[in-house]
Structure formats: structure tokens, C-alpha cells
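Here the structure comes first, spelled out in C-alpha cells, and everything after it is commentary.
The values are calculated or read from the model by the stated rules, or taken from the named source; none is laboratory data. Note that the coordinates shown come from a computational prediction; the quantities given were computed from them, not determined experimentally. Cβ sites come from the backbone with ideal geometry, for glycine too, and all protein chains shown count toward neighbours. We work out accessible area using only protein heavy atoms, side chains counted, and drop any ligands, DNA or RNA first. Shrake-Rupley method; radii C 1.70, N 1.55, O 1.52, S 1.80 Å.
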2 protein chains.
Amino acid sequence: MDIAKYFSEKAGEVNACLDELLPRPGAGQMEGVLFEAMRYSVFAGGKRLRPGLFFAVLRLFEMDDRPYLPFACGLEMIHTYSLIHDDLPAMDDDDLRRGRPTSHKVFGEAQAILAGDALLTHAFNAMLQTAACAAPERLLAAVDYVARQSGAFGMVAGQCVDIVCEGRELGAEELRYIHERKTGALFCASIAGAALLAGAREEEIADLTEYALKLGLVFQIADDILDEIGDGSKLGKPVGSDKKNHKTTYISLMGLEEARRFGEKTAGEAEAALQGFGARAELLRLLPRYFLHRDC
Amino acid sequence: MDIAKYFSEKAGEVNACLDELLPRPGAGQMEGVLFEAMRYSVFAGGKRLRPGLFFAVLRLFEMDDRPYLPFACGLEMIHTYSLIHDDLPAMDDDDLRRGRPTSHKVFGEAQAILAGDALLTHAFNAMLQTAACAAPERLLAAVDYVARQSGAFGMVAGQCVDIVCEGRELGAEELRYIHERKTGALFCASIAGAALLAGAREEEIADLTEYALKLGLVFQIADDILDEIGDGSKLGKPVGSDKKNHKTTYISLMGLEEARRFGEKTAGEAEAALQGFGARAELLRLLPRYFLHRDC
């Protein structure tokens, strides 16, 4: 199975749907800059991993993708809003993302904050568009779950703790705590969110949540490894920035070799969480190693 | 009917429910500052007008209030998040709100941005808590409507245009455009949102939306009048700030007397929009004059 091809096909569908869902700047609009800023960051070349994970779980439950495209786009809008706000001067103060100037560099801080706010809000409209096909109770449960993973108990908490701990070295537990919320929570939203839409049983959701958290951790370990030894031209960003910024990473905590072993071990645990699903979970089972050994 | 008493009773119920719904800071939490910042702004003495409007419409449709308290709290969370972000240095740069230091003055800009993000996200969890009692299709429609009024086509668009137009005098149409989105949109969300939960007919929702927009305008005209001739000790903020900041208001556009007449005329139009509802709409019918003649 060609996973790169899977993600790139899904990304094509997601991009077309995002273009439909997002407000379109037009002549004479006073709020045109808001719509431009929303689109600028959404169409900045993201790989649409979260929608890809979401669809992989729908496939596991033998559900049709198409009707759920807007829900997947909602997940991507939440991810994008979080990047815009994380890049702000008051947060990580980043001038570049994926090789392009960040939102506040192009549109100013006020409009960047508002573009993030608007994307987060619009994500709920996008997810609720699936009301036409999804069973209402399942949709309500899935949207509630996505909000919980994105908010004060999930992604926003992760960014909060990241800021609180800024400038000091972290312990392994703290680093994990931040990653589980900053990355893991939205992986959970995508993976267990799809399972809720599919009407999965409680044990299935528990297994998939375990898988999502391990997969998020693998993703983050790979990120740290790539910043140490990756190819900047493939990554589209300079490598070595973690070391330069004295950021605690799995490399700084345990060294490159140990981080690699930890990545392999965690990937194995992610695969093991899928045991109950049998052959249907093939795609999901390949993802941890794929994420670990990616080069960009 | 004692309207002040109505709002203050409802505010008591809303405050108790908000306290239940919001995350509680506890010992050893790394994200405790986020929970504190969320609560600091939510419990800053707001009058809970939007929940009050929401309940007034439930009453119009003879619905029981109690089960919908979390939905009303969601509306208040959205209102609060918008105030936190509006006050940021990159936006209106306000140091004080309701006589207390603004969120970023107390918690820093990063945590203020995150507290706003978390409140907006948590608002959806709050609204979805009513899933236990509301008909699922109605709840889905109401949440979708609230998101639409709060986002890129509503409240966020209003703040965007406010920022875009900063520093120059506005025309009457521009001023109205901003008010309809910054204030009117969330009034609509509260009023028509409740009507959607009640399963109101399309014409009823159209009438209530018309009413909500006029009511929002009346509210804003009164705001402008109070800043000109109000009592700062009752308002809890210095008066005359609009003039000092060269802000376009209904006073600067048409003078005090004409603004008063415009307020009375608009209040009459709001009342007229309720014609179809008969005696059941008594409370709603009293609100435009109440808002126009308030002293704080």
C-alpha cells in the first residue's frame, strides 16, 4: 500500500472541499482581508494529515468518505487556527512557516488573531455540514469530542503549558504532557472523532485513542529527529533550530540513538493498540513506521 | 414587569451554571493559569444580557428554561472570549474593563489569547450539553446558527472591519455595518438560536432576527449616549472616551438629540417586529425601551 499516495489523494479532495467551505474574498467587501487571511494560512501547503487519519478510520469501519469531507475540513481548520495563533509574537514569535511569512507578518497581528478566531468558529460550521448524512446523535457526540480535545483540556492546554515552561529545560514527563496535548489531542480528535461518527463501540474507541496518542508521540519524536539530522531543503525549513533555541526535545533528553529506539518502541505500541481490528486496520497499522521514517 | 429583576435572577442561574461548566484550577496543574484566566474574565461582573435574551425567547415559546442553561452559558462564553481578544494590544489595546485590569494585563498576552481560544472552544461543549434534552436536529441547527453569527460572517467580521476602519471617520452605513456584526450578530445568535431550539417556524425566526438586529442597534445607540452624558460612577468606566478617541458614534454622526430620536424610532421598529406574537411577547416588547433608557 502506497501511503504517500493515499495522503496526497485525500489532500486533493480536502483542498477542493476547503475551497468550497471557506468564505471567498470579493469586490467591495469590508471584511475581505479576513477571508484572505483565513485562506492564506489554510492553503499554505499543509499535508492534511489529520483529515488523512480521519478517513483512514472511516475506512476501518467501512464507511463512505465523501459525505464526511466537510467534517475532515473542520479538523484542518482547527489545526490551521492553532498554527496562526502559535506563531504570534506573544506566543512563539515565528516569522516563517513552511517557507512563507506567517499570518501576522502578512496581515498584521490583529487580523491574524481574527483569522484564527474565524477559522476555529468556522470549523464547527464545517463539521455540522455533515448533518445531512450523519446520524444526529453520533454527530453531536463527535463534535463535542473534537471540541473537548481542541480546548482547555486538550490542545489549548498544551500550548498554555508550552508557554508556561518556556526558557527552561523540561523533564520527560513534562515533554510528553505537552506533546500529548499539542499534537496528540488533535490526532485523537481526528481518529476517535471518526470512530464516534461510525458508531464504534466503547472498547474500539478506547483502543483507537491509545493508538492516536502513541501515533502523535511517534510523529513528534520523528519531528525532533528531523530537526537534528533532516534535509532542510526537503523540510522547507532550516534544521537545527531546536538546538539553537535550547528547546527540550527527545534528542536533547536522550540523544539521537535512544530517541530512535524510543520511536521504534512507541510505533510498536501504536500498532499493538490495533490488535482487536484484524486485517481491516492495515492502513492504520502502517502509519506509525511511515511517520517515524518520513523525511519531511 | 420588573426587567432589572428578571435579568438579575437569570444572571444568578447563569453564574451558578458557568461555575459548574468552567474548568476549575487545582493544585499541581500545569495549565492552571489557563483555567484562572478563563474564569477571571467570565466572572468579571457581566450582566448576562445574552443569556437573558435567550431565556426571554424560550419563554415566548413556553419552553422550560432549566435544561437550556448550558446553552445560554455557551453564548456568554463566546461573548467573553470576544471581549478578551478585542482588548488585546494588537486590537483595541484596553487596560481596563468594567474597572478591572484586562486579561492580558493580568495574565500576559499569550495566556489572554489562549483563554479566549479556550472559551470559544468550550462554548461548543457547553451548548452541546443540552443534547440530553433538546431534539438533536434542533440542537444541531441552533449550534450551527450560533457559530455562523459568531464567525467570519458575523461577530469576527465586525471586529475585522472595526480594525480596518480604525483612525478614520465612518459613514452611517459603515457604523451600522460594524454594529450589526459586533453586537447584533450575537444578539441574533441568542434570540434566533433560542427560537431554533424551540422549533419555531421560518417566519417567526425571520421576525425575531429583525427584532434582534434592531435591539442591538438600540443597545449601541444607548451606549453612545451614555458615553456622552452618562454617570461614570454608575457605568464603572470614565465617560467621554469616545470623543477623546475620535471614535465615530451616533452622537458624532447626528448629535445627541437626533441620536435620541433615532433610538426611539429604532426601538419602535424592534417592537413592531414582534407584532405576530401577541401577548406572549410582553417581556421582549419591553426590552428595547429598557435598553434605550438604561443608566449603566
Residue-averaged beta-carbon neighbours from other chains (10 angstrom radius) around B:88-94
4
Every other copy gets compared here: list the nm distances from the residue B:66 label point (7 Å along Cα to Cβ) to its counterparts, shortest first, one decimal.
4.7
Kirkwood hydrodynamic radius for the stretch B:193-252: how many Å is it when counted over pairs of different Cα atoms?
13.7 Å
Note, ³J(HN,Hα) from phi for the stretch A:280-291, Karplus 6.51, -1.76, 1.60, rounded to Hz, x at Gly and Pro
4, 8, 3, 4, 4, 5, 7, 5, x, 5, 4, 5
Would you compute, for the Cα atoms of chain B, the largest minus smallest coordinate along each principal axis and list the three values in descending order, in whole Å?
56, 46, 34
Which cross-chain or sequence-distant (5 or more) residues have an amide H under 5 Å from the amide H of residue A:96, H modelled 1.01 Å from N in plane?
A:102
What residues of the stretch A:185-201 lie in the reach of a label at residue A:61, counting those whose backbone N is under 16 Å from a point 7 Å from the Cα along Cα→Cβ?
A:188-201
If one builds a Gaussian network model of chain A from Cα atoms under 10 Å apart, the most fluctuating residue listed among A:110, A:200, A:273 is A:110
Under unit Cβ charges (Lys, Arg +1; Asp, Glu -1), what dipole magnitude, rounded to 20 debye, does chain A have relative to its Cα centre?
480 debye
Measuring from centroid to centroid over Cα atoms, what is the spacing of the stretch A:1-59 and the stretch A:112-161 in Å?
16 Å
Counting only other chains, what is the mean number of Cβ atoms within 10 angstrom of the Cβ of each residue in peptide B:123-134?
4
When chain B is modelled as a GNM with alpha-carbon springs shorter than 10 Å, which of B:38, B:77, B:30 fluctuates the most?
B:30
Other-copy label distances relative to residue A:203, 7 angstrom Cα-Cβ extension, nm
5.6
extent check for the stretch A:170-296: Cα max minus min per principal axis, descending, whole Å, gives 46, 27, 24
Given charges of +1 on the Cβ of Lys and Arg and -1 on the Cβ of Asp and Glu, with all other atoms neutral, how large is the dipole of the protein assembly as shown about its Cα centre, in debye to the nearest 20?
80 debye
Under a plain spin-label model, where a point goes 7 Å from the Cα along Cα-to-Cβ, how far apart in nm are residue A:265 and residue A:98?
3.4 nm
Can you give the calculated 222 nm mean residue ellipticity of chain B, where each DSSP H run of n ≥ 4 adds -39,500 (n - 2.57) and the sum is split over every residue, rounded to the nearest 500 deg cm²/dmol?
-22000 deg cm²/dmol
Among chain B residues, which Cβ is nearest the axis of the B-onto-A rotation, and at how many Å?
B:136, 2
Pairwise FRET efficiency - residue A:106 versus residue B:176, Cβ, R0 = 30 Å, nearest 0.05
0.50
Computed on protein heavy atoms with a 1.4 Å probe, what is the summed buried accessible area for the chain pair B and A, in Å² to the nearest 100?
4200 Å²
Suppose a student asked you for the relative contact order of chain B, using Cα pairs under 8 Å spaced at least 6 residues apart; what percent would you report?
17 percent
Enter the mean number of other protein chain beta carbons within 10 Å of the beta carbon of each residue in B:143-155, as an integer.
6
Run the label-point distances for residue B:44 please: 7 Å along Cα to Cβ, every other copy, nanometres, shortest first.
2.8
Enumerate the amide H contacts of residue A:151 below 5 Å, restricted to partners 5 or more residues apart or on another chain; note that Pro and chain-start residues carry no placed amide H.
A:156
Using a 1.4 angstrom probe and counting only protein chains, how large is the accessible area of residue A:248 in Å², to 10?
10 Å²
Of B:214/B:265; A:10/A:234; B:47/B:105, which ones are farther than 18 Å apart at the Cα?
A:10/A:234; B:47/B:105
What are the ³J(HN,Hα) couplings of the stretch A:76-86, residue after residue, when phi is run through the Karplus curve with 6.51, -1.76, 1.60 and θ = phi - 60°? Round to Hz, x for glycine and proline.
5, 5, 5, 4, 5, 4, 5, 5, 4, 5, 4
Using the Karplus curve 6.51 cos²θ - 1.76 cosθ + 1.60 with θ = phi - 60°, work out ³J(HN,Hα) for each residue of the stretch A:2-14 in order, rounded to whole Hz, and write x for Gly and Pro.
8, 6, 4, 5, 4, 5, 6, 5, 4, 4, x, 5, 5
The FRET efficiency for residue B:4 and residue B:244, from their Cβ-Cβ distance with R0 = 41 Å and rounded to 0.05, is 0.85
When the Kirkwood hydrodynamic radius is evaluated over all pairs of different C-alpha atoms of the stretch B:97-176, what value in angstrom, to one decimal, is obtained?
15.5 Å
Given a cut-off of under 8 Å on Cα pairs at least six residues apart, what relative contact order in percent is computed for the stretch B:1-153?
25 percent
Expected max-MSF residue from A:224, A:93, A:162 in the GNM of chain A (alpha carbon, under 10 Å) is A:93
Ignoring ligands and nucleic acids, what accessible area does residue A:241 show with a 1.4 Å probe (Å², nearest 10)?
40 Å²
Result for chain B: accessible area per residue, probe 1.4 angstrom, in square angstrom, of 39 Å²
Take every Cα pair under 8 Å in the stretch B:218-276 that's 6+ residues apart, average their separations, divide by the length, and report that relative contact order as a whole percent.
35 percent
Only loop residues by DSSP count here, and only those with at most 13 other Cβ atoms within 10 Å; note down the trypsin sites (Lys or Arg not before Pro) in the stretch B:201-296 that meet that.
B:201
Share of accessible surface on carbon and sulfur in the protein assembly as shown, whole %, 1.4 Å probe and ligands ignored, is 50 percent
Please report, in whole Å, how far the alpha carbons of the stretch B:1-139 spread along each principal axis, starting with the longest.
45, 33, 27
